[in-house]
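The values are calculated or read from the model by the stated rules, or taken from the named source; none is laboratory data. Everything numeric here is computed off the predicted structure, so don't read it as measured data. Cβ coordinates were reconstructed from backbone atoms using ideal geometry, including for glycine residues, and neighbour counts include every protein chain displayed. For accessibility, only protein heavy atoms count, side chains too; no ligands or nucleic acids. Shrake-Rupley method; radii C 1.70, N 1.55, O 1.52, S 1.80 Å.
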Amino acid sequence: QTLQMLKEKLDKGLMPQWVVTDPDIYQLERRKIFGQTWQFIGHESELKEPGSYVTRWIANDPVLLVKTNSGEIKAYLNSCTHRGAHLCTADFGNKKTFTCPYHGWSFNLEGELIGVVSGKTVYGEKMKKDEWGLRPIPKVGMYQGLIFASLDHQAMPLEDYLGDMKWYLDILLGRSDGGMEVIGVPQRWTAQANWKMTQENFASDPYHVQTNHRSTVELGISPSDPNFASYGHQIVLGNGHGLSIMTSKTGVSPYKYQTLPESMWPMFERNLSPEQNEILSNATVFVGGIFPNLAFDSPVHGMEGEMCNYLNLRVWRPLGPDKVEIWCWCLVDKAAPEEYKDKAYKAYVGSFGPSGTLEQDDTEVWARIIQVNDALMMEDKELSYNNLNNYLLGEDVFEPVDNFPGPGIAYPSTYTDNLARSIQSRWFELISKDLLDEEEDSQ
Ligand code: FES
Ligand code: FE
């Protein structure tokens, strides 16, 4: 019944407030979303040579991502096969073997158990070491340097999962020879927030920019027109993915190719289709999300006269219904001049790094939503207080355009909730799978 009611409301663009931080909903999300979808776990440039490794998480599942001697990228459950201890506790590094801190079993880059303390003396001749290798994460895939993994053996191929999003990822990640590279290491910090809210904020809510980030316009680190985030298109893709592509009021960005140096433009023309190229040359900001919890933002930022572009990738790792660990990468075109890369990294730190101006604006609001959600009137499952959030932005105002050069359903403004609603409907489809039938059977 609860799910039926939820579905009826969502179909009308209304989201009951209690859903955001409800612990039962969170348990459904853990299993049915984080246990089954593809999750971003790193970028290929983070694993430079054999033995390079990084440790990551898929919600609560620890992942050890390594480059093997043959240059292959492998992902293992970062847990020792002896008694389950967390095997590698460093964030990144380079190793030939991983030795467990508990009883000292060691594993090579291929995940094979190669060392057992006191070996034959205690385990005799019968122990088959090859049965005790690290457990691989069931699925690992890569697209344009982005490495994804899934805990689900039956997960659909990554390329199908990304679907039409690939066309836009090609613009952001495939425009330059050599692709993109991660600058520094990902920064991470925790915030009082719900992962759905943070994903929605990046993926589908340019409407908050005008108010919540107003100060950045006043400080001169965002484009000077306070409505800058509304111009352009919001594009709804399948599977809960989508993005906004912002430009200017006239449709021509004041920052051609997002301020990337002119010397790079012919390369973009060569690597992109004419349609992709047209979009890139006139875009100020690309901001969007890959379901469920990877967001990206490719803006133009920096002090006036020093504006530049970077690509920010973000994973909202849920630590509960009201807490996220934010993982934040800064990427720049490998082919960009070194001096541009430095500038871009500084622009990133000043805007969306943990102490960045834009970041501060958002984290404060997210925490306040969480605090308010503890109120009794917010626990409104019967909707007796009618506590429903509004997802009706742009409804009946914007119709999809038919001449947009890229795939997906494109709306002629970024101020619409069409993408947010499509994310919610994918979310609902996954969390309610099998349960709706059960609800019906039990009635
Ligand atoms: Fe790793 Fe015992 S738990 S060696
Ligand atoms: Fe924001």
Under 29 Å from residue 311 (Cβ atoms), open to solvent by less than 10 Å² (accessible area, probe 1.4 Å) and of a type in the set (Gly, Ala, Ser) - does that describe any residue in segment 32-42? yes
Criterion violated by residue 407 - all others in (1) closer than 22 Å to residue 201 by Cα; (2) touching a residue at least 12 places away in the same chain (Cβ under 8 Å); (3) not basic (Lys, Arg) satisfied: (1)
Number of the condition not met by residue 250 [criteria: (1) part of a loop (DSSP other than H, G, I, E, B); (2) among the β-branched types (Val, Ile, Thr); (3) closer than 29 Å to residue 189 by Cβ]: (3)
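Kindly indicate whether any position in segment 45-63 is assigned to a helix (DSSP H, G or I) and within 27 Å of residue 326 (Cα to Cα). Before the answer, list the steps.
Taking segment 45-63 and keeping what is assigned to a helix (DSSP H, G or I), we get 45-46.
Imposing the further condition that a residue be within 27 Å of residue 326 (Cα to Cα) reduces the set to 45-46.
Yes.
When segment 130-151 is examined, which residues are found to be closer than 16 Å to residue 298 by Cβ and part of a loop (DSSP other than H, G, I, E, B)? Step through it out loud before you land on a result.
Step one: of segment 130-151, the residues closer than 16 Å to residue 298 by Cβ are 144-146.
Once the filter is applied, which keeps residues that are closer than 16 Å to residue 298 by Cβ and part of a loop (DSSP other than H, G, I, E, B), segment 130-151 yields 144, 145.
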Take residue 166 and decide whether it is open to solvent by 60 Å² or more (accessible area, probe 1.4 Å), away from ligand 2 (no atom under 15 Å from the Cβ), of a type in the set (D, E, K, R) and farther than 30 Å from residue 19 by Cβ. no
Segment 351-408, residues that are small (Gly, Ala, Ser) and within 20 Å of the chain's Cα centre (by Cα): 351, 353, 355, 356, 367, 408
Quick one: count up the residues across segment 96-143 that are at positive phi and either buried (at least 16 other Cβ atoms within 10 Å of the Cβ) or in contact with a Lys or Arg (Cβ under 7 Å, 6 or more places away or on another chain) (or both). 1
Subset of segment 152-204 that is part of a helix (DSSP H, G or I) and free of Cβ contacts under 8 Å to residues at least 60 places away in the same chain - its residue that is nearest to residue 360 (Cα to Cα): 169
Could you list, in sequence order, all residues of segment 206-224 that are within 13 Å of ligand 2 (Cβ to nearest atom), within 16 Å of residue 255 (Cβ to Cβ) and not in a helix (DSSP H, G or I)? 222
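If you take the residues in segment 210-267 that are of a type in the set (A, V, I, L, M, F, W, C), surrounded by fewer than 21 Cβ atoms within 10 Å (Cβ to Cβ) and out of contact with any Pro (no Cβ under 6 Å at 6 or more places or on another chain), which one is nearest to residue 170 (Cα to Cα)? Before you say what the answer is, go through the steps one by one.
Here is the first cut: in segment 210-267, the residues of a type in the set (A, V, I, L, M, F, W, C) are 217, 219, 221, 228-229, 235-237, 243, 245-246, 252, 260, 264-265, 267.
Okay, now just the ones that are also surrounded by fewer than 21 Cβ atoms within 10 Å (Cβ to Cβ), so 217, 219, 252, 264-265, 267.
Checking which are out of contact with any Pro (no Cβ under 6 Å at 6 or more places or on another chain) leaves us with 219, 252, 264-265, 267.
Numbers: 219: 33, 252: 21, 264: 16, 265: 15, 267: 13 Å.
Only one residue fits best here, namely 267.
Looking at segment 362-391, which of its residues are of a type in the set (Ser, Thr, Tyr) and under 25 Å from residue 7 (Cβ atoms)?
384, 385, 391
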Among the residues listed as 182, 209, 236, the single one being under 29 Å from residue 42 (Cβ atoms) and touching a His at 6+ places or on another chain (Cβ under 8 Å): 182
